[in-house]
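Scroll down for the structure; my scribbles are underneath it.
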Amino acid sequence: MYVLSLWHDYGINLQQQKNFIMKKLILTLGLVAGLSALTIAQEGHSANDGHGHGATTDNVAPASLADIKLDKTTHDYGNIKQGDNGECEFKFTNNGKEPLVITNCQGSCGCTVPQCPKEPILPGKSGIIKVKYDTQRIGGIYKTVTVNSNAKSGVQTLTIKGNIDAKPVEEAFPQNPTPQGAPVEKKG
């Protein structure tokens, strides 16, 4: 009642008093509702609830028992000429206990085109990843191929490198032009 009499002393009417009280009440209820929702949301999730946010992967069992062992991860063309064969192969073996499935092979640019097996590679069996580089481009080569699979060792990165020298220009042997017309005699 004391607050109401103060408002009356300052010329604040009853409707203004009700509006002020309603605004404070709505603000307080909104704040309580927001904090409650936040608390409920935090209780529903934790770092180790299986959703993968904030959890470490040190003790996580591998999703697959397949594994890939490559004979090499880098192919060096050395110095080759423009237009030479830009194909190479990366051989691999499935050293795991489940079939190895390569889901994607991606070159780092359009000049590097990989070709990976589409069928699963059974445990103990081998396969080949073929890579073709466009040797019409002159200069140094350093490109990668990313291989995604169900291997427990994860994503593999293959590298090709080397240098392409310009193809020598073949010129026709120059011939002496044949003189036109008859020789002119000097009379004198």
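One table, with the values for the structure above:
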| read-out | value |
| --- | --- |
| Some residue of segment 63-78 being open to solvent by 80 Å² or more (accessible area, probe 1.4 Å), touching a Lys or Arg at 6+ places or on another chain (Cβ under 9 Å) and among the charged types (D, E, K, R) | yes |
| Residue under evaluation Tyr133, criteria (1) free of Cβ contacts under 8 Å to residues at least 40 places away in the same chain; (2) surrounded by 14 or more Cβ atoms within 10 Å (Cβ to Cβ); (3) aromatic (Phe, Trp, Tyr), criterion not met | (1) |
| Of all residues in segment 109-122 being open to solvent by less than 70 Å² (accessible area, probe 1.4 Å) and either free of Cβ contacts under 8 Å to residues at least 12 places away in the same chain or outside any strand (DSSP E or B) (or both), the one that is farthest from Pro168 (Cα to Cα) | Pro117 |
| Matching residues, segment 85-99, being farther than 25 Å from Tyr142 by Cα and either open to solvent by 60 Å² or more (accessible area, probe 1.4 Å) or not in a strand (DSSP E or B) (or both) | Asn95, Gly96, Lys97, Glu98, Pro99 |
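The values are calculated or read from the model by the stated rules, or taken from the named source; none is laboratory data. Computed from a prediction, not measured in an experiment: that's the story for all the values here. Cβ sites come from the backbone with ideal geometry, for glycine too, and all protein chains shown count toward neighbours. To get the accessible areas, we keep the full protein, side chains included, count just its heavy atoms, and leave off ligands, DNA and RNA. Shrake-Rupley method; radii C 1.70, N 1.55, O 1.52, S 1.80 Å.
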